[in-house]
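Peer 1: Before we start, here is the structure in question, set down as structure tokens.
The values are calculated or read from the model by the stated rules, or taken from the named source; none is laboratory data. Keep in mind that this is a model prediction, so the values were computed, not measured. Don't worry about glycine lacking a Cβ; one is built from the backbone with ideal geometry, like all the others, and counts go over all protein chains shown. With ligands, DNA and RNA removed, areas are computed over all heavy atoms of the protein, side chains included. Shrake-Rupley method; radii C 1.70, N 1.55, O 1.52, S 1.80 Å.
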Amino acid sequence: MEMINAEIFTLTYGSMVRQLVADYEDVEEVNKQLDKMGFNIGQRLIDEYLAKSKTQRCSDFRETAEKIAKVGFKMFLNTTASVTNWNADGTECSLILEDNPLTDFVELPEQLSALKYSNLLCGVIRGALEMVNMDVECSFVKDMLRGDDVYEMRLKLLSSSTESYPFKDDD
Amino acid sequence: MGCMTFYIFNRKGRCQYYHEWQRLKPIKQGAGSQDEDFKLMFGLCWSMRALATAVDPKNPSKQQMGAPMRIGDGCSFNSIKTSNFKLHYLESPSGLKFVLTTDPTVGSMVEQLQYIYASLFVELVAKNPLYTPGDAFLFEPFSAALNKYMRTLGLLS
């Protein structure tokens, strides 16, 4: 795969977030925009992921989460996450990132403490899974920029739909 | 000339890309209209998988014919060979379907379709800012690369 310099990537992301903060002036709105941008990225990125990793269909959501954490993060961010805290019926889990390349050199100033700096990642996961017919909810619950010990994303499977024949018989 | 036509369908059954290199029997004498032709082609691939799943002697969890399946469930097929042409098929877990029809003498195109997906579609379409996921597209670099690849494979003179 093509690689770019990690620092260029980090700094580009940083200046983009900075610009969003300047443009929208409202931290909640910035979080929302980051998620939306991520969603659009995810919708395209899924094909690159599937084509290059030659992944076939995952048998269940657990496998999906493992693939995101071990293969997906490795492929696009050159880091891996661990998957823990499963709920009983296997529809909710946490992705723990110990190293997040997006946040190198980043400090959150006091007045932006509500900013979910890496929220783009949640959007990417949501967008990518949407393309394989899985609706999920994804959000950051722990953020090292806000003083937690790790980055933790909570991933929740809402529904996983089947493929249906798109045309009616009589048209 | 080995290759005849090429289709890409999105997961909703819409044809996103169509190219014909050689089509001796015009669509008018076949399906009637271009749209109808897309629908028939998609229907053929769809039904093929459903039928194959229904008669599958290996999988113990029998599915009822026509029961809804998740993408990639059941039996996927790689090609259909008839006396006049051969249809090569690749389906990605994101629901994209690549269909290539060629001369019946052409061998397996599984890897070649995978290459079209990974190196042509992803690089020249998915990464093109003008592309909206799921919509039809017509990008010159993709078409050119596809033609060039077909020539390398010796399917196009």
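Peer 1: When you look at B:Y131, is it in a loop (DSSP other than H, G, I, E, B), within 11 Å of chain A (Cβ to nearest Cβ) and not β-branched (V, I, T), yes or no?
Peer 2: Details: in a loop (DSSP other than H, G, I, E, B): yes; within 11 Å of chain A (Cβ to nearest Cβ): yes; not β-branched (V, I, T): yes.
For B:Y131, the condition - in a loop (DSSP other than H, G, I, E, B), within 11 Å of chain A (Cβ to nearest Cβ) and not β-branched (V, I, T) - is met.
Peer 1: Any residue that is open to solvent by less than 20 Å² (accessible area, probe 1.4 Å) and outside any loop (DSSP other than H, G, I, E, B) - is there at least one of those in region A:104-116?
Peer 2: In the first step, residues of region A:104-116 are kept if they are open to solvent by less than 20 Å² (accessible area, probe 1.4 Å); the result is A:115.
Pick out the ones that are also outside any loop (DSSP other than H, G, I, E, B) and you get none.
For region A:104-116, residues open to solvent by less than 20 Å² (accessible area, probe 1.4 Å) and outside any loop (DSSP other than H, G, I, E, B): absent.
Peer 1: Out of (1) small (G, A, S); (2) open to solvent by 20 Å² or more (accessible area, probe 1.4 Å); (3) modelled with pLDDT of 90 or more, the odd one out for A:G123 is which?
Peer 2: Unmet for A:G123, out of (1) small (G, A, S); (2) open to solvent by 20 Å² or more (accessible area, probe 1.4 Å); (3) modelled with pLDDT of 90 or more: (2).
Peer 1: With (1) in a helix (DSSP H, G or I); (2) at pLDDT below 90 as the list, and B:K39 as the residue in question, which single condition is left unmet?
Peer 2: Just one mismatch for B:K39, condition (2).
Peer 1: Please verify whether A:R62 is open to solvent by 30 Å² or more (accessible area, probe 1.4 Å), within 14 Å of another protein chain (Cβ to nearest Cβ) and not small (G, A, S), treating the condition exactly as stated. Give the derivation first.
Peer 2: Working: open to solvent by 30 Å² or more (accessible area, probe 1.4 Å): yes; within 14 Å of another protein chain (Cβ to nearest Cβ): no; not small (G, A, S): yes.
No; evaluated as a whole, the condition is false for this residue.
Peer 1: Scan region B:1-43 for residues that are open to solvent by 60 Å² or more (accessible area, probe 1.4 Å), within 14 Å of chain A (Cβ to nearest Cβ) and within 20 Å of B:K86 (Cβ to Cβ) and jot them down.
Peer 2: The answer is B:L40, and nothing else.
Peer 1: Please tell me if B:L113 is open to solvent by less than 60 Å² (accessible area, probe 1.4 Å) and not in a loop (DSSP other than H, G, I, E, B). Even if it seems obvious, please write down each step before you answer.
Peer 2: Values: open to solvent by less than 60 Å² (accessible area, probe 1.4 Å): yes; not in a loop (DSSP other than H, G, I, E, B): yes.
Taking the combined requirement at face value, the residue satisfies it.
Here's the yes/no breakdown for (1) at pLDDT below 90; (2) under 24 Å from B:N128 (Cα atoms); (3) within 11 Å of another protein chain (Cβ to nearest Cβ):
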position: A:R44; (1), (2), (3): no, yes, yes
position: A:D47; (1), (2), (3): no, yes, yes
position: A:L50; (1), (2), (3): no, yes, yes
position: A:K54; (1), (2), (3): yes, yes, yes
position: A:K67; (1), (2), (3): no, no, yes
position: A:G72; (1), (2), (3): no, yes, no
position: A:L77; (1), (2), (3): no, yes, no
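Peer 1: Hey, does region B:106-127 have a residue that's within 25 Å of A:Y165 (Cα to Cα) and without any contact (Cβ under 8 Å) to a residue 24 or more places away in the chain?
Peer 2: Filtering region B:106-127 for residues within 25 Å of A:Y165 (Cα to Cα) gives B:110, B:113-114, B:117, B:121, B:126.
Imposing the further condition that a residue be without any contact (Cβ under 8 Å) to a residue 24 or more places away in the chain reduces the set to B:126.
The answer is yes; a qualifying residue exists.
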